[in-house]
Amino acid sequence: MSILKTEGLTYTYSAGTPFEKTAVDHVDLEIEDHTMVGVIGHTGSGKSTLMQHFNGLLRPTSGRILLEGKDIWADKKSMREVRFRVGLVFQYPEYQLFEETVYKDIAFGPKNMGLGDTEIKARVLECADALGLDRALLKRSPFALSGGQKRRAAIAGVMAMHPKVLILDEPCAGLDPKGRELMLRQIRDYQRRTGSTVLLVSHSMEDVAEFTEKLLVMSRSKLYCYEDTALVFRRAQALSEMGLRVPQIASVMGELRRRGYPIPEDVYTVAQAKAAVLSCLKGGSEAC
């Protein structure tokens with residue numbers, strides 16, 4: 001079942017002026033429930049504009065967005081509820097922190113949902129734990145935290161609303177490799193535990209290769225494809241032509257195939273590459 005669907009979704013900035021630009025052009029898309037989706041595309045491809053439509057921050061110039069089968073713009077009064085069900089975390093979300101304490105910042109969304117104090121507390125602690133925030137930090141000012149802790153606090157504030165769909169725009173930007181991997185594992189664990197749908201916008205092909213099931217690829221304001229991650233990375237030439245690339249390990253495995261090694265085409269993570277090479281060696285292939 002699709003959790004999100006678009007029908008002919010089009011958005012034009014500054015329509016009717018000399019600066020008119022179509023950022024999303026007739027996108028037809030269905031995103032399944034309970035899925036971890038990577039969203040990729042070159043700068044200016046339209047991916048961030050598309051994401052902002054899913055929770056009503058932008059209204060389509062034409063076309064529709066359906067959330068669980070219902071047009072989110074059919075009734076403007078329901079938009080508040082839509083934004084509780086589709087949570088959007090912008091790039092560098094730590095700039096969204098504003099409360100006196102980390103606890104209050106994470107609790108802000110649930111409080112605006114009208115939840116009771118007991119439920120709010122449960123959600124704050126749940127999301128802080130899920131993202132590795134020490135509970136002792138909840139009493140501190142969010143501005144006293146480290147950069148990585150601020151990032152986790154901001155994301156926890158959106159998670160605490162228990163959205164059906166969580167959209168993360170470059171959540172690991174600026175983090176070191178260890179911090180990136182930890183953050184992405186925590187997000188994936190959250191997605192699996194809650195059964196929610198997560199849309200991960202990223203410029204890192206390695207990140208989406210490792211942590212997503214499907215890839216949504218935008219190119220020049222249009223939907224290029226929405227397919228299983230492995231299938232997308234088989235289109236190395238097409239991705240290269242639109243300013244993207246396959247993960248580095250996939251390029252290495254591709255070169256081995258060209259040299260005659262029996263490496264499967266759907267190898268695009270380090271773990272898969274290790275298994276493929278070991279299988280090749282154990283098989284006693286002459287090529288190996």
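On the stretch given as region 168-204, residues that are in a helix (DSSP H, G or I), farther than 22 Å from residue 272 by Cβ and of a type in the set (D, E, K, R) total 1.
Against the conditions (1) free of Cβ contacts under 8 Å to residues at least 12 places away in the same chain; (2) part of a helix (DSSP H, G or I), residue 114 satisfies every one except (2).
Of all residues in region 151-180, those being acidic (Asp, Glu) and under 21 Å from residue 216 (Cα atoms) number 2.
Out of the residues in region 1-21 meeting the condition of being of a type in the set (Val, Ile, Thr) and within 23 Å of residue 86 (Cα to Cα), tell me which one is nearest to the chain's Cα centre (by Cα). Taking the candidates together, the pick is 3. For the condition over 30 Å from residue 116 (Cβ atoms), out of contact with any helix residue (DSSP H, G or I) (no Cβ under 8 Å at 6 or more places or on another chain) and in contact (Cβ under 8 Å) with a residue 12 or more places away in the chain, residue 209 does not qualify.
Taking residue 65 as the residue in question, decide whether it is more than 29 Å from residue 240 (Cβ to Cβ) and in contact with a His (Cβ under 8 Å, 6 or more places away or on another chain). Here the answer is yes, as residue 65 does meet what is asked. When region 24-58 is filtered for residues that are over 25 Å from residue 80 (Cβ atoms) and small (Gly, Ala, Ser), the ones remaining, listed by number, are 38, 41, 44, 45, 46.
Considering region 205-288, the qualifying helices (runs of 4 or more DSSP H), each wholly inside and each with 2 or more residues that are loosely packed, with under 15 Cβ neighbours inside 10 Å, run over 236-241, 248-258, 270-282. Residue selection: residue 115 fails the criterion of being under 18 Å from the mean Cα position of the chain (by Cα) and modelled with pLDDT of 95 or more.
Based on this model, can you work out whether residue 53 counts as surrounded by 16 or more Cβ atoms within 10 Å (Cβ to Cβ), assigned by TED's automatic domain parsing to the domain that holds residue 188 and closer than 27 Å to residue 157 by Cβ? So residue 53 passes the test. Output the residue which, of all residues in region 62-81 that are hydrophobic (A, V, I, L, M, F, W, C) and surrounded by fewer than 20 Cβ atoms within 10 Å (Cβ to Cβ), is farthest from the chain's Cα centre (by Cα). Of everything passing the filter in region 62-81, 74 is farthest from the chain's Cα centre (by Cα). Applying the set (1) surrounded by 14 or more Cβ atoms within 10 Å (Cβ to Cβ); (2) of a type outside the set (A, V, I, L, M); (3) not in a helix (DSSP H, G or I) to residue 98 leaves exactly one unmet item: (1).
The values are calculated or read from the model by the stated rules, or taken from the named source; none is laboratory data. Because the structure is predicted, anything quoted here is derived from the model rather than measured. When we count neighbours, we look across all protein chains shown, and the Cβ atoms used for this are built from the backbone with ideal geometry, even at glycine.
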